[in-house]
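Engineer: After the structure tokens below, expect a handful of questions from me.
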Amino acid sequence: MPGRVSPKTETKNIFGPQLKKLRLAKKMTATEVIAQLGVLGWDVGHSTYSSLEAGDRIIAATELALILKVLKAGLGELRLPRKFVDP
């Protein structure tokens, strides 16, 4: 999926920074999240995960679901940026 960028934000995913905030709120390190993702079957590297949290990598729905599972969080905890919500 390289090269795809959101036309409105110029980032590849809008949820990455929110996932990082959730992780920090749960007092988890990226290494801990990555290890738990591995247990769930997603062998993700540290640089890939860091790119995802930075919004520099596209996130698939299945990846998002796994991360939320590890963080014990729901989809409702993520918010669309205001520019994506109709006024």
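Engineer: By how many nm would the segment from Lys83 to Gln36 grow when fully extended, if each residue of separation counts as 0.36 nm and the alpha-carbon distance is taken off?
Structural biologist: 13.6 nm
Engineer: Hey, can you rank 52-63, 36-47 by average C-beta count inside 10 Å, highest first?
Structural biologist: 52-63, 36-47
Engineer: Multiply the residue separation of Ser50 and Ala25 by 0.36 nm, subtract the distance between their alpha-carbon atoms, and state the gained length in nm to one decimal.
Structural biologist: 7.3 nm
Engineer: How many percent of Cα pairs in the chain exceed 16 Å?
Structural biologist: 51
Engineer: Return one number: the angle in degrees, 0 to 90 and rounded to the nearest 10, between the long axis of the Cα atoms of helix 30-39 and the longest principal axis of the Cα atoms of the chain.
Structural biologist: Tilt of helix 30-39: around 70 degrees.
Computed from the coordinates by the stated procedures, all read-outs in this text should not be read as laboratory data. Since this is a predicted model, take the numbers as computed values, not measurements. As a convention, Cβ positions derive from the backbone with ideal geometry for all residues, glycine included, and neighbour counts pool all protein chains shown.
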